[in-house]
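Reading through the structure tokens given below for one structure.
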Amino acid sequence: MRKHIVAGNWKMNKTFNEADELVSDIIEKLESIELDRNTQIILCPPFPYLEMVSDYSDDSYFLVGAQNVSDQESGAYTGEVSAAMLESMELDFCIVGHSERRAYYHETNELVAAKVNQLLKHHLKPIVCVGEVLEEREAGKQFEVVEKQVREGLFHLSATDFADIIIAYEPVWAIGTGKTATPEQAQEMHAHIRQLIEKQYGKAVADETSILYGGSCKPSNAKELFANPDVDGGLIGGASLKADDFIGIATAF
Ligand code: 13P
């Protein structure tokens, strides 16, 4: 059975002390609830807080991921963080190809593919984001756009490597806007992505791939979204910055 995953993408938020407080609040809340055994919690804080958050957890409450990685192995790339560095900190995951990086830092599918390769080489699991912008949805092109992102970002992988991939469908028009895809829109796209995976790698791989929804997922709509057969959890932005909301979503299965 594929994993249910609730991942918090903190983006560029929180000072060190605020981040420390958030993670201790999350742990306190996790200690008081019974999580579904198949649900995995992942926290993706900014780079400078990765060690602090990892030290808190010791893998018992949640796993930890970065929000970005370099496509290069090492060397003179000022300001970049390599997959080898993340591996040496014993991190488990890394978000790749978030729409904010595609939009503001011009990340292409080709660059996403190179980052995915670096992560797999260093034994980290990529959480690969795909999703259409509003104009693309209004033009009825959402399936085509997401198919191209999935194909060009991921389909160069072998079936064995693909088994380590988590996909997050994040319709850009729903990110941080308060607009959420309807459960039907989310299910339809997740099923489309799973079909693409099945055609490329076969049913067993497709059935095991966790596909998360991201885009204004909140405690009030998580249940409805997660009730869909192809929605295996969420990549949570704003609501992951408040322990109550984040745990409210994590318990929505
Ligand atoms: P929001 O939950 O704030 O809409 O952000 C979603 C997202 O981008 C997660 O990566």
For segment 153-253, what does the convex hull of the Cα positions come to per residue, in cubic angstrom? 97
Note to self, the chain gives a 222 nm [θ] from helices alone (DSSP H runs n ≥ 4, -39500 (n - 2.57) apiece, / all residues, nearest 500) of -12500 deg cm²/dmol
Given H placed 1.01 Å from N in the peptide plane, which residues other than close sequence neighbours of LYS125 have an amide H under 5 Å from its amide H? PHE93, CYS94
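Does segment 77-155 come out rounded, prolate or oblate, given a ≥ b ≥ c as the square roots of the eigenvalues of its C-alpha gyration tensor, rounded meaning a/c under 1.5 and, failing that, prolate meaning a/b above b/c? Could you put the intermediate results ahead of the total?
Working: a/c = 2.73, a/b = 2.05, b/c = 1.34.
Cα axes put segment 77-155 in the prolate bin.
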Trypsin sites (Lys or Arg not before Pro) restricted to segment 1-92 and DSSP loop, no more than 11 other C-beta within 10 Å: ARG37
With the crude spin-label approximation of a point 7 Å out along Cα→Cβ, what separation in nm comes out for GLN72 versus TYR105? 1.4
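Determine the relative contact order of the chain: mean sequence separation of Cα pairs under 8 Å and six or more apart, normalised by residue count, in whole percent. Each step should come with its number before you reach the end.
Details: 464 pairs, mean separation 56.0, N = 253.
In percent, rounded to a whole number, it is 22.
Calculate the dipole size of segment 121-230 relative to its Cα centre from +1 charges on Lys and Arg beta carbons and -1 charges on Asp and Glu beta carbons; express the result in debye to the nearest 20.
On the way: 12 positive and 17 negative charges, 47 e Å.
Computed about the Cα centre, the dipole is about 220 debye.
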Can you figure out the FRET efficiency of MET52 with ASP161, using R₀ = 25 Å and their beta-carbon distance, to the nearest 0.05? 0.20
How large is Rg/Rh for the chain, to two decimals, with Cα atoms and a Kirkwood Rh? 0.93
Among ALA83, ALA163, ALA139, which one moves the most in a GNM of the chain with springs linking Cα atoms closer than 10 Å? ALA139
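Rounded, prolate or oblate: pick one for segment 2-60, where a ≥ b ≥ c are the square roots of the eigenvalues of its C-alpha gyration tensor, a/c under 1.5 means rounded, and failing that, prolate if a/b is larger than b/c, else oblate. Please list the in-between numbers first.
Working: a/c = 2.08, a/b = 1.55, b/c = 1.34.
Prolate shape, in that a/c is at least 1.5 and a/b is the bigger ratio.
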Counting only residues 5 or more places away or on other chains, whose amide H sits under 5 Å from the amide H of VAL81 once H atoms are built in the peptide plane? SER70
Label point distance in nm, GLU18-GLU208, each placed 7 Å from Cα along Cα→Cβ: 4.0
Given a Förster radius of 51 Å and the C-beta distance between GLU152 and GLU31 as r, what FRET efficiency does 1/(1 + (r/R0)^6) yield to the nearest 0.05? 0.75
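Top to bottom by accessible area (1.4 Å), largest first, where do TRP10, TRP173 land? Could you put the intermediate results ahead of the total?
On the way: TRP10 0, TRP173 30 Å².
Per-residue accessible area, sorted high to low, gives TRP173, TRP10.
For segment 71-213, just say rounded, prolate or oblate: build the C-alpha gyration tensor, square-root its eigenvalues into a ≥ b ≥ c, call rounded for a/c under 1.5, and beyond that prolate if a/b exceeds b/c, oblate if not. List each step's numbers first, then the result.
Values: a/c = 1.99, a/b = 1.34, b/c = 1.48.
Oblate is the answer for segment 71-213, as a/c is 1.5 or above yet b/c matches or exceeds a/b.
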The correct ranking of ARG194, ARG101, ARG151 by accessible area at 1.4 Å, largest first, is ARG151, ARG101, ARG194
Under a 1.4 Å probe, counting only protein heavy atoms, THR182 has an accessible area in Å², nearest 10, of 60
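The values are calculated or read from the model by the stated rules, or taken from the named source; none is laboratory data. Note that the coordinates shown come from a computational prediction; the quantities given were computed from them, not determined experimentally. Note that each Cβ is placed from the backbone with ideal geometry, even for glycine, and that neighbours are counted across all protein chains shown. Areas reflect the complete protein model, heavy atoms only, side chains present, ligands, DNA and RNA absent. Shrake-Rupley method; radii C 1.70, N 1.55, O 1.52, S 1.80 Å.
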